[in-house]
């Protein structure tokens, strides 16, 4: 299948990416080229193959349920674009 | 001073022939002289480097210094360094001061090494030429009109020009090995899970792995000794003892079984590079190894599979860059959606946006089975090929990259052509295997690397194989004229 202008706009919206109207044809061309490359996967039959998520088939470790992290709010918020009274500020979302 | 191995530098420091402050200043001066041309460093941390060097000298005075104490190094700017800008070569993180150290940074600092600065790279490690960096491309010291490879291009150029004795890199699809090949270095991507990913800014979490970039195999072994090990802060880190990677460097290669995958020597490989690699293989036969042709039949699936897995994981990983908690934020957002969209639209470069969009599409409702799940199945096939091969051979050899360094700008208009630069390296990442690139000679005056791939946790053997080769060849000792 081939992506058109509206597909690219939809994907950009899902990804929360503002892209310039004028660059959409370029993105559509590049994304289609990449998808054409990716389509080569369909040449192989994988019906009987189990998917591989981790090269060593490891599984998640469990640990004791104890506090390991200390409160570093000030340090972490010192690199935030906008904070006030210990909270992150964003444009108003509730009227 | 800048042409010495880590062991030689260590001996000089321990004998009191030079201080760490003197050595550090020597490399800082080289960076100041050459970085304008090469653009290998994004940040030079002179002040903290001299402080670390002074602390190292104190350890020498107190006789508490270790093997690597006082020796300078550089980190790829993908590793979080507390109090130091960690940009990942993106406008998004141009002003990001990491609030903590990556485990790799912590371990290397604990060994007493001195960080000279943070090296340039492709933005978020997405690229094979170092041309996607927000801070501009890195130049290849062998020919400054050519790329150093990527994504660890800054680390590669910095070690190749001897602006630092060693550097760290990361490898998601070839980002340590391909630039090592293009810049005449010895670079190793360890087994997935060998080195902690904590504090290493994530690109594709199931593929990313950090490793050393060095002038020779012994140096790489010494750095890998320090970088490796289990870390409970990385859930994919493997609980397994770390051997001394220098212990077996001199083992004989008599009887070593080398496999040459026929798929690595076919169409697409530059004839000049092929000649170089074939000559390298002959050296191994002289060292007592046996060579046989093998097949990795699903090799052609590697790039298509990778360009689903890596973008899918990156689209998820990079969703944390939202303009709220850290990183770039647009001016005057009119609402929350506008804040997200414009902050991300302005903060990310073109290649990053392309990959986020491919990944978003592949993971969107209705497409998961056709793309990500299919790719994970292809990944299994690729991995099975290797396991079958390792029943017959000990290591696999071939070219690291299909060509030598290409010209800046040659492939920037065609993402798919750029992707093919990693055709021989990507499948190792998909399988999670360790792989290495070793200087194997020159084609048209430019370096070409031999790739050596081993089975899981066989890093010591790869280093042994590389080291023995470096005892009978001197390709790795070649330094570009302008930087001798």
Enumerate the helices (runs of 4 or more DSSP H) found wholly within chain A, keeping only those where 3 or more residues are more than 20 Å from the chain's Cα centre (by Cα).
A:24-38, A:73-77
Given (1) outside the structural domain of residue B:368 (by TED's automatic domain parsing); (2) touching a residue at least 60 places away in the same chain (Cβ under 8 Å); (3) buried (at least 16 other Cβ atoms within 10 Å of the Cβ), index of the condition residue B:289 fails:
(2)
Looking only at residues that are part of a helix (DSSP H, G or I) and in contact with a helix residue (DSSP H, G or I) (Cβ under 8 Å, 6 or more places away or on another chain) in the range B:13-29, which one is farthest from residue B:166 (Cα to Cα)?
B:14
In the set B:423, B:382, which member is over 24 Å from residue A:57 (Cβ atoms) and either in the same structural domain as residue B:181 (by TED's automatic domain parsing) or touching a residue at least 40 places away in the same chain (Cβ under 8 Å) (or both)?
B:423
I'd like the full set of residues that are farther than 23 Å from residue B:463 by Cα and touching a strand residue (DSSP E or B) at 6+ places or on another chain (Cβ under 9 Å), limited to the range B:241-270.
B:262, B:263, B:265, B:269, B:270
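Quick grid of which residues meet (1) part of a helix (DSSP H, G or I); (2) more than 24 Å from the chain's Cα centre (by Cα); (3) under 30 Å from residue A:39 (Cβ atoms); (4) at pLDDT below 95:
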position	(1), (2), (3), (4)
B:243	no, no, no, no
B:252	no, yes, no, no
B:255	no, yes, no, no
B:274	yes, no, yes, no
B:297	no, yes, yes, no
B:315	yes, no, yes, no
B:339	yes, yes, no, no
Residue B:104 vs. criteria part of a loop (DSSP other than H, G, I, E, B), surrounded by 24 or more Cβ atoms within 10 Å (Cβ to Cβ), at pLDDT 95 or above and away from chain A (no Cβ under 14 Å)
no
Report, by residue number, each residue of the range B:292-338 that is at positive phi and in contact (Cβ under 8 Å) with a residue 24 or more places away in the chain.
B:323, B:327
Within the range B:302-333, the residues that are more than 7 Å from chain A (Cβ to nearest Cβ), surrounded by fewer than 20 Cβ atoms within 10 Å (Cβ to Cβ) and more than 12 Å from residue B:362 (Cβ to Cβ) are B:317, B:319, B:320, B:322, B:330, B:331, B:332
Considering only residues that are closer than 23 Å to residue B:207 by Cβ and more than 7 Å from every other protein chain (Cβ to nearest Cβ), look in the range A:1-55 and name the one that is surrounded by the fewest Cβ atoms within 10 Å (Cβ to Cβ).
A:43
When you go through B:277, B:281 one by one, which is the residue that is buried (at least 21 other Cβ atoms within 10 Å of the Cβ), within 30 Å of residue B:464 (Cα to Cα) and more than 8 Å from every other protein chain (Cβ to nearest Cβ)?
B:277
All-but-one check, residue A:81 against (1) surrounded by 15 or more Cβ atoms within 10 Å (Cβ to Cβ); (2) within 8 Å of chain B (Cβ to nearest Cβ); (3) more than 22 Å from residue B:331 (Cα to Cα), failing number (3)
Could you tell me which numbered condition residue B:52 fails, if it satisfies all but one of (1) assigned to a helix (DSSP H, G or I); (2) without any contact (Cβ under 8 Å) to a residue 24 or more places away in the chain; (3) within 26 Å of residue B:244 (Cα to Cα)?
(2)
Across the range B:216-233, what is the total count of residues that are assigned to a loop (DSSP other than H, G, I, E, B) and either more than 14 Å from chain A (Cβ to nearest Cβ) or modelled with pLDDT of 95 or more (or both)?
4
Inside the range B:368-484, counting only helices (runs of 4 or more DSSP H) that do not spill past its ends, which hold 3 or more residues that are within 14 Å of chain A (Cβ to nearest Cβ) and under 21 Å from the mean Cα position of the chain (by Cα)?
B:415-419, B:426-431
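The values are calculated or read from the model by the stated rules, or taken from the named source; none is laboratory data. Just so you know, these numbers come straight off a predicted model, no measurement behind them. Positions of Cβ are generated from backbone atoms using ideal geometry, with glycine treated the same way; all protein chains shown enter the neighbour counts.
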